[in-house]
Amino acid sequence: MSVKVTKNRNKYLKEIDKKKYSLEEGVLFLKERTFVKFDASFDISVNLGIDVKSPNQIVRGTVQLPYGTGKNVRILALVNKEEESESKEAGADYVGLDYIEKIKSGWTNIDIIVATPSVMNKLGSVGKILGSKGLMPNTKMDTISNNPGKSIKEIKSGRISFKSDRYGIIHASVGRVSFSNQCLMDNIKEFMMIIIRNKPSTSKGVYIKSIYLSTTMSNSISLDSKIFLKI
């Protein structure tokens, strides 16, 4: 069955240049050609020159985006009773160890779980469920914390986690079309700076192979990676 290309999409495809865009050009190009009727997200994909078969070359970490992602992140705080009030005040959407039983029943209506080290031994019964959905708390992602309130506040204010996939690519949302051009550029620069800082010491050759920027339901455009090496 053939897929019908809309008038706007057809025009967009004709306007895409195969060149590598500067950050400013790329952001402007995509913002001016977003035709969806909602506040589309700005997404980035970074193809890394890493050995995906080597465990010590997995690139992962967190970055505090200056202007956040524009998305309301749903957080579950798995903490002890004495830390529940602090977690609620920090902005957690769901709080308490009772949610472990809900997870066993199939409930995973959340984006991130923040847990304290002392409760991690209680998650064994839901480990497979959380692991399959990428929800298991992890020290490298700063979601296992002795200060859950602080972690929750940081996530709510724009901290995101990232991890290279099995193809050596990192995908992330870095804002919304409604953001100003400068806010989007600042978010992307901060994101790329952290990716570059997290280069594995054993990685050889070209580290940043390609960078693509897109919005929800748009085709991607290629960014000139050299501009980020100057940050």
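The values are calculated or read from the model by the stated rules, or taken from the named source; none is laboratory data. Not measured: the values here are computed from a predicted model. As a convention, Cβ positions derive from the backbone with ideal geometry for all residues, glycine included, and neighbour counts pool all protein chains shown.
Restricting to strands (runs of 3 or more DSSP E) lying wholly in segment 155-231: which have 2 or more residues that are under 13 Å from the mean Cα position of the chain (by Cα) and charged (D, E, K, R)?
It comes to 159-163.
When you look at residue 55, is it closer than 23 Å to residue 161 by Cβ and modelled with pLDDT under 90, yes or no?
Yes; evaluated as a whole, the condition is true for this residue.
With hydroxyl-bearing (Ser, Thr, Tyr) and not assigned by TED's automatic domain parsing to the domain that holds residue 32 as the only criterion, which of 99, 167 stands out?
99
On the given criteria, is residue 137 surrounded by 15 or more Cβ atoms within 10 Å (Cβ to Cβ), within 30 Å of residue 84 (Cβ to Cβ) and in contact with an Asp or Glu (Cβ under 7 Å, 6 or more places away or on another chain)?
Answer is no for this residue.
Does segment 179-188 contain at least one residue that is of a type in the set (Gly, Ala, Ser) and in contact (Cβ under 8 Å) with a residue 12 or more places away in the chain?
No.
Taking residue 126, is it over 29 Å from residue 50 (Cβ atoms), in contact with a helix residue (DSSP H, G or I) (Cβ under 6 Å, 6 or more places away or on another chain) and not assigned by TED's automatic domain parsing to the domain that holds residue 65?
Against the criterion (over 29 Å from residue 50 (Cβ atoms), in contact with a helix residue (DSSP H, G or I) (Cβ under 6 Å, 6 or more places away or on another chain) and not assigned by TED's automatic domain parsing to the domain that holds residue 65), residue 126 qualifies.
From 103, 44, 75, 113, which residue is out of contact with any Pro (no Cβ under 8 Å at 6 or more places or on another chain), of a type in the set (Val, Ile, Thr) and free of Cβ contacts under 8 Å to residues at least 60 places away in the same chain?
After applying the criteria, what remains is 103.
What single numbered condition from (1) farther than 30 Å from residue 46 by Cβ; (2) among the acidic types (Asp, Glu); (3) under 14 Å from the mean Cα position of the chain (by Cα) fails to hold for residue 101?
Unmet for residue 101, out of (1) farther than 30 Å from residue 46 by Cβ; (2) among the acidic types (Asp, Glu); (3) under 14 Å from the mean Cα position of the chain (by Cα): (3).
Looking at 194, 221 in this structure, which one is β-branched (Val, Ile, Thr) and either outside the structural domain of residue 54 (by TED's automatic domain parsing) or modelled with pLDDT of 95 or more (or both)?
194
Checking the condition of a type in the set (A, V, I, L, M, F, W, C) and within 27 Å of residue 171 (Cα to Cα), which residue from 95, 79, 73, 119 passes?
After ruling out the rest, the residue left standing is 73.
Count, please, the residues in segment 130-154 that happen to be assigned to a helix (DSSP H, G or I) and out of contact with any helix residue (DSSP H, G or I) (no Cβ under 6 Å at 6 or more places or on another chain).
Counting residues in segment 130-154 that are assigned to a helix (DSSP H, G or I) and out of contact with any helix residue (DSSP H, G or I) (no Cβ under 6 Å at 6 or more places or on another chain) gives 9.
For residues that are surrounded by fewer than 11 Cβ atoms within 10 Å (Cβ to Cβ) and over 23 Å from the mean Cα position of the chain (by Cα), scanning just segment 104-133, find the one that is nearest to residue 152 (Cα to Cα).
Per the criteria, the residue is 121.
Which pairs turn up if I take residues in segment 201-215 that are touching a residue at least 40 places away in the same chain (Cβ under 8 Å) and look for partners that are buried (at least 17 other Cβ atoms within 10 Å of the Cβ) and among the charged types (D, E, K, R) with beta carbon separation below 8 Å, at least 6 apart in sequence or on another chain?
Short answer, once both residue conditions are applied: 213/43; 214/43; 215/31; 215/43.
Taking segment 140-153 as the search range and keeping residues that are in contact with a strand residue (DSSP E or B) (Cβ under 7 Å, 6 or more places away or on another chain) and buried (at least 17 other Cβ atoms within 10 Å of the Cβ), which one is nearest to residue 71 (Cα to Cα)?
Among those residues, the one meeting the criterion is 152.
A quick yes/no check of all residues on (1) closer than 30 Å to residue 220 by Cβ; (2) of a type in the set (Val, Ile, Thr):
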{"residue": "82", "(1), (2)": "no, no"}
{"residue": "85", "(1), (2)": "no, no"}
{"residue": "122", "(1), (2)": "no, no"}
{"residue": "130", "(1), (2)": "no, no"}
{"residue": "144", "(1), (2)": "no, yes"}
{"residue": "165", "(1), (2)": "yes, no"}
{"residue": "170", "(1), (2)": "yes, yes"}
